[in-house]
Amino acid sequence: MKEFPLGTMNRNIRDVFAHLYHWQLMMKTGTKLVSGGSKADIPSKGYTWKTVPKLNLLLYRYGRITPKVPLHEIKVLLTNSHKEMMKMIDDHSNEELFVKGICSWTGTLPHLVLILLVPSSHYDWALN
């Protein structure tokens with residue numbers, strides 16, 4: 001597998017797909033917890049949106065020290081995860097997605113901002 005230039009955290013396409021997959025897992029888990037009435041740690045326990053770079057580094061290191069999932073397997077995981085994310089968005093009413101304050105975990109933002117921000121911003125990052 002071809003490696004990306006030195007200085008990039010995710011060194012190949014498998015790393016990028018794994019990064020996308022882990023972020024989708026965090027969002028799906030958080031959304032399911034909130035939908036069930038529990039509190040969710042968004043973006044992840046012990047992290048805030050300001051400390052996302054540290055969380056990304058943790059995800060990268062986790063991928064480097066654990067046995068690697070082959071590219072063909074991570075592609076299947078990511079494809080299935082993407083489908084689940086799209087279904088999760090479809091399962092929300094317009095009110096849940098667009099009205100501020102409906103979902104307590106988003107604070108003053110509409111739920112849609114966070115539920116779409118993670119996949120769209122990460123896909124944009126991955127394409128670059």
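Things to note:
- Of all residues in the range 15-36 being among the aliphatic types (A, V, I, L, M) and touching a Pro at 6+ places or on another chain (Cβ under 9 Å), the one that is nearest to L57 (Cα to Cα): L20
Okay, residues lined up against (1) touching a residue at least 24 places away in the same chain (Cβ under 8 Å); (2) more than 16 Å from S121 (Cβ to Cβ); (3) touching a Leu at 6+ places or on another chain (Cβ under 6 Å); (4) surrounded by 14 or more Cβ atoms within 10 Å (Cβ to Cβ):
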{"site": "H22", "(1), (2), (3), (4)": "yes, no, yes, yes"}
{"site": "G30", "(1), (2), (3), (4)": "yes, no, no, yes"}
{"site": "S38", "(1), (2), (3), (4)": "no, yes, no, no"}
{"site": "I42", "(1), (2), (3), (4)": "yes, no, no, yes"}
{"site": "G46", "(1), (2), (3), (4)": "no, yes, no, no"}
{"site": "W49", "(1), (2), (3), (4)": "no, no, no, no"}
{"site": "L55", "(1), (2), (3), (4)": "no, no, no, yes"}
{"site": "L59", "(1), (2), (3), (4)": "yes, no, no, yes"}
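Laboratory data are not the source of any read-out in this text; all were calculated from the coordinates shown. Here the structure is a predicted model, which means the values were calculated and not measured. Don't worry about glycine lacking a Cβ; one is built from the backbone with ideal geometry, like all the others, and counts go over all protein chains shown.
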